[in-house]
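Note sheet for the following structure.
The values are calculated or read from the model by the stated rules, or taken from the named source; none is laboratory data. Small disclaimer: the values here were computed from a predicted structure and weren't measured. A quick note on method: Cβ atoms are made from the backbone with ideal geometry, for glycine too, and the neighbour counts reach across all protein chains shown. Ligands, DNA and RNA are stripped out before the accessible areas are found, and what is left, the full protein with its side chains, is counted by its heavy atoms. Shrake-Rupley method; radii C 1.70, N 1.55, O 1.52, S 1.80 Å.
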Amino acid sequence: MSKIVPHLWYTDKAEEAAAFYASLLPNSKVDSVTALPTDSPSGPAGSVKVVEFTLMGQPFMATSAGPLDPFNHAVSFMVQCDDQAEIDRLWAALSQGGQSEQCGWLKDRYGLCWQIAPTVLGKMMKDPDRARARRVAEAMLKMVKLDIAGLTKAYEGR
């Protein structure tokens, strides 16, 4: 088991969010949902739900425990996609009811920030030919959902 497990605090709907994410990503599932058996500052016994789930093999924990601090861009989950079809599928599902943003970023319907990016983007951005990397960065900055063909065209100088 991983010694670092990201924990997400949802106002409500942690179980729904975990099931939604698990339905989208391979090697993912909701492992357990447990009601906190005692009163807490977030509510009476049984009202706070603790959700353990796995996304792409990575364990997570979430709680539905009332309002605290909203999610923001300081923490996001990046999914590295092998092809445009995977980008398109995840983008459509995660942005539905949420908000599309620049450079492959979006906020899902639960307020969590995601980056949906092609795996090849990292290689392009680290290219020792900094002119190539600059063209890719400039192209990316003009995109909302990332487009592999457009990034490749910029990378190749076409």
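Here are some notes:
- Single condition Val50 does not satisfy, out of (1) of a type outside the set (Gly, Ala, Ser); (2) touching a residue at least 40 places away in the same chain (Cβ under 8 Å); (3) more than 21 Å from Ala139 (Cα to Cα); (4) buried (at least 16 other Cβ atoms within 10 Å of the Cβ): (2)
- Within the range 1-21, being surrounded by fewer than 13 Cβ atoms within 10 Å (Cβ to Cβ) and in contact (Cβ under 8 Å) with a residue 40 or more places away in the chain holds for Met1, Ser2, Val5, His7.
- The residue pairs whose first member lies in the range 22-38 and is within 30 Å of Cys81 (Cα to Cα) and polar (S, T, N, Q), whose second member is open to solvent by 70 Å² or more (accessible area, probe 1.4 Å) and outside any strand (DSSP E or B), and whose beta carbons are closer than 9 Å, counting only pairs six or more residues apart or on different chains, are Asn27/Met56; Ser28/Met56.
- Strands (runs of 3 or more DSSP E) wholly inside the range 40-158 containing at least 2 residues that are over 18 Å from the mean Cα position of the chain (by Cα) and under 24 Å from Lys29 (Cα atoms): 49-55
- Those residues of the range 124-148 which are open to solvent by 60 Å² or more (accessible area, probe 1.4 Å), touching a residue at least 24 places away in the same chain (Cβ under 8 Å) and over 15 Å from Trp91 (Cβ atoms), in sequence order: Arg132, Leu141
- Of all residues in the range 102-118, those that are more than 18 Å from Leu55 (Cα to Cα), open to solvent by 10 Å² or more (accessible area, probe 1.4 Å) and not hydrophobic (A, V, I, L, M, F, W, C) total 1.
- The range 77-87 - residue that is in contact (Cβ under 8 Å) with a residue 40 or more places away in the chain and closer than 23 Å to Gln58 by Cβ and, of those, most open to solvent (accessible area, probe 1.4 Å): Gln80
- Looking across Ala85, Ala65, one residue alone is touching a helix residue (DSSP H, G or I) at 6+ places or on another chain (Cβ under 9 Å), among the small types (Gly, Ala, Ser) and over 15 Å from Leu112 (Cβ atoms). It is Ala65.
- Exclusive hit being of a type outside the set (S, T, N, Q), open to solvent by less than 30 Å² (accessible area, probe 1.4 Å) and under 22 Å from Glu16 (Cα atoms), set Leu121, Leu94: Leu94
- Against the conditions (1) under 24 Å from Gly104 (Cα atoms); (2) touching a helix residue (DSSP H, G or I) at 6+ places or on another chain (Cβ under 7 Å); (3) surrounded by fewer than 18 Cβ atoms within 10 Å (Cβ to Cβ), His73 satisfies every one except (2).
- Screening the candidates Ala65, Ala93 for the property of being touching a Gly at 6+ places or on another chain (Cβ under 8 Å) and touching a residue at least 40 places away in the same chain (Cβ under 8 Å) yields one hit, Ala65.
- Scanning the range 16-50 for residues that are of a type in the set (Ser, Thr, Tyr) and under 25 Å from Trp114 (Cα atoms) yields Tyr21, Ser23, Ser28, Ser32.
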